[in-house]
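Q: One structure coming up, written as structure tokens, with questions to follow.
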Amino acid sequence: MPLKITLKPHEVILISGALLKNGEHLTQFTVENEVPILRQKDILTERHADTICKKLYYVVQLMYFEPANLAAHHQTFWELVRMLSAAVPSTLPLIDEIGQLILEDRFYQALKATRKLITYEDELVRNAHERSHNLLKNSEGNPLGSRH
């Protein structure tokens, strides 16, 4: 099924491993065959994969664009999954969804599901920050944190 794509001026898109940058004008084109495609906003570089969930996203992205290295990417993915599920068991429902999509070779959908996992990770970190901030605020002036 053909895919119609509209690129904004200077927008970047990754198509089947080729990084394309649009010129100064709005551009429209149609991709006639099925190939891996990601818009700039969905591309994650290895340098920016700085959390375990972002590392998972990066590995799924590699699966999508590098099918020749699928076995190695699968191994890395499942190692990260074991670490994440042991550390944060509440991620298991999302991990199961992502894992199933990967087993079905539905990598674009797996990337979308992994975005949800990154959002969940962000929420966990934000909540932990708020709790630690509140604990510090409540224990100000009392080095042991107890109230008298």
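Q: Within the set of other residues whose C-beta is less than 13 Å from the C-beta of Glu46, count the net charge using Lys and Arg as +1 and Asp and Glu as -1. Display every interim value, and only then the final one.
A: Details: positive: Arg47, Lys54, Lys55; negative: Asp50, Glu66.
Surrounding charge for Glu46 is +1.
Q: Two-decimal Rg/Rh of segment 1-43 from alpha-carbon positions, Kirkwood Rh? Could the numbers behind the result be given before it?
A: Values: Rg = 10.0 Å, Rh = 10.6 Å.
Dividing the radius of gyration by the Kirkwood radius yields 0.94.
Q: Extending each Cα 7 Å along its Cβ direction at Leu70 and Thr6, get the distance between those two points in nm, one decimal.
A: Those two pseudo-labels are separated by 3.5 nm.
Q: Using just the C-alpha positions of segment 44-141 as equal point scatterers, what log10 of I(q)/I(0) does the Debye formula give at each q in 0.17 1/Å?
A: With one equal scatterer per Cα and no solvent, log10 I(q)/I(0) is -0.72.
Q: Oh, and also: What net charge is computed for the residues neighbouring Asn22, neighbours being all others with C-beta under 12 Å from the C-beta of Asn22, Lys and Arg scored +1, Asp and Glu -1? Don't jump to the answer; show the numbers that get you there.
A: Working: positive: Lys8, Lys21, Arg39; negative: Glu11, Glu24.
In short, +1.
Q: In whole Hz, with x marking every Gly and Pro, tabulate ³J(HN,Hα) for segment 46-56 from phi via Karplus 6.51 cos²θ - 1.76 cosθ + 1.60, θ = phi - 60°.
A: 4, 4, 8, 7, 9, 9, 5, 5, 5, 5, 4
Q: Longest span of the chain, sites excluded, free of GluC sites (Glu not before Pro) in DSSP loop with at most 13 other C-beta atoms within 10 Å? Display every interim value, and only then the final one.
A: Numbers: sites that count: Glu24, Glu32, Glu34, Glu104, Glu140.
Longest stretch, sites excluded: 35-103.
Q: Under a cut-off of 20 Å between alpha-carbon atoms, report the aspartates and glutamates in cross-link reach of Lys4, not counting same-chain residues fewer than 8 places apart.
A: Partners within reach: Glu24, Glu32, Glu34, Asp42.
Q: Follow-up. In nm, what is the difference between 0.36 nm times the number of residues separating Arg39 and Ser16 and their Cα-Cα distance? Don't jump to the answer; show the numbers that get you there.
A: Numbers: separation 23, 0.36 × 23 = 8.28 nm, distance 1.17 nm.
Separation in residues times 0.36 nm, less the Cα-Cα distance, equals 7.1 nm.
Q: Return the FRET efficiency for the residue pair Ala49, Asn127: r is the Cβ-Cβ distance, R0 is 22 Å, and the value is rounded to the nearest 0.05. Intermediate results must be reported in sequence, preceding the final value.
A: Numbers: r = 22 Å, r/R0 = 1.01.
FRET efficiency, Ala49 to Asn127: 0.50.
Bear in mind that the values in this text are calculations on the coordinates, not laboratory data. As the structure is a prediction and not an experimental result, all values here were calculated from the model. So basically every Cβ, Gly included, is an ideal-geometry build from the backbone, and we count neighbours across all protein chains shown.
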